[in-house]
Amino acid sequence: MRFIRKSEEPAELASYRSYNNATYKNFTENQVLYNRVKQQLIDDQLGLCCYCGTGVELKTAHIEHLQDQHSNKSQQLTYSNFLASCNGGCQQEHCGHAKGHRCLPVTPLQENCMERFEYRTSGQVDAKLDSTADRDAQAAINILNLNTVRLRNQRKAALSNSGLFDEGLSVEDIEEFIELYSSPNEQGKLEPFSQAIISRLRQEKSVLQRQLAMA
């Protein structure tokens, strides 16, 4: 999970919402508008799923309500309540489909959300142990089912394929790579699972700094 800075609501959505019979169900049936809004969400998220960080595009994502639309009717067509989630694999086993109607105690719209999770070389994601809100972070992991075998393997592969952890890096090298993986490419997209790579780099940096301080 990483912080998402949302853009302005599409004017077409605001116009659609003003109609008397405007509902989310009717909105999904308007494929032109639905895909227009979904693409803007994907662009806001720099091409990544709002929860697990895998790469998404129109056909592999759905619009997710951060606050459940059934218990929060006024939020069913509010852009600030929309996110683009991946479809959770063939069995729809993680992210938006796993969340269902439940509320998340940690969300991608909280600026510090990324700091509340740590990733292991195995691909496992855990609540950051020194976080005062680690119970909330762990609850979010459980609700979104972010430690499926599929996701763990994908994150492990992303870490391995980066080639960054095969040999020692200096603090300066690590800082450069953190900046690199935090910056979108020319197409405005981040590397899939970049948050896992950044987390591991920060952990490596912390270990290295402690070693240097003791030398």
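The values are calculated or read from the model by the stated rules, or taken from the named source; none is laboratory data. Being a predicted model, the structure only gives us computed values, none of them experimental. Ligands, DNA and RNA are excluded from the accessible area calculation, which covers all protein heavy atoms including side chains. Shrake-Rupley method; radii C 1.70, N 1.55, O 1.52, S 1.80 Å.
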**Item:** Solvent-accessible area per residue for region 140-181 (1.4 angstrom probe, square angstrom)
**Value:** 56
**Message:** Using only Cα atoms and rounding to the nearest 10 degrees, what angle (0 to 90) does helix 149-162 make with the longest principal axis of the chain?
**Reply:** 50
**Asked** For region 1-98, which whole percent of the accessible surface, found with a 1.4 angstrom probe, sits on carbon and sulfur atoms?
**Response** 47
**Message:** Just to check I understand the Karplus step: with θ = phi - 60° and J = 6.51 cos²θ - 1.76 cosθ + 1.60, what whole-Hz values come out for region 6-12, glycine and proline as x?
**Reply:** 7, 7, 5, 4, x, 4, 5
**Request:** Note the count of lysine pairs whose C-alpha atoms are less than 24 angstrom apart in the chain, limited to pairs 8 or more residues apart or on different chains.
**Result:** 23
**Asked** Based on the Kirkwood radius over alpha-carbon pairs, what is the Stokes-Einstein translational diffusion coefficient of the chain at 25 °C with 0.890 mPa s viscosity, in µm²/s?
**Response** 134
**Asked** With every protein chain left in place, what is the accessible area per residue of region 1-119 in square angstrom, probe 1.4 Å?
**Response** 47
**Asked** What's the angle, to the nearest 10 degrees (0 to 90), between helix 134-144's Cα axis and the longest principal axis of the chain?
**Response** 50
**Per-residue ³J(HN,Hα) for region 109-122, Karplus 6.51 cos²θ - 1.76 cosθ + 1.60, θ = phi - 60°, Hz, x for Gly and Pro** = 9, 9, 4, 9, 4, 5, 6, 9, 10, 10, 10, 9, 5, 6
**Item:** Orientation-averaged projected area, Cα convex hull of region 71-175 (nm²)
**Value:** 8.7
**Asked** Per residue, how much space in cubic angstrom lies within the convex hull of the C-alpha atoms of region 5-60?
**Response** 88
**Message:** In 10 Å bins starting at zero, report the fraction of Cα pairs in region 134-215 per bin as a rounded %.
**Reply:** 16, 39, 34, 11, 0
**Fill in**
Longest principal axis of the chain (C-alpha) makes with the long axis of helix 31-44 (C-alpha) an angle, in degrees to the nearest 10, of 20
**Fill in**
Karplus-derived 3J(HN,Hα) from phi for region 182-192 (6.51 cos²θ - 1.76 cosθ + 1.60, θ = phi - 60°), whole Hz, x at Gly and Pro, runs 8, 10, x, 7, 5, 8, x, 10, 8, 5, x
**Item:** Diffusion constant of region 44-128 at 25 °C, which comes from Stokes-Einstein with the Kirkwood Cα-pair radius and 0.890 mPa s, µm²/s
**Value:** 178
**Request:** Could you grab the relative contact order for the chain? Cα pairs under 8 Å, six or more apart, rounded to a whole percent.
**Result:** 20
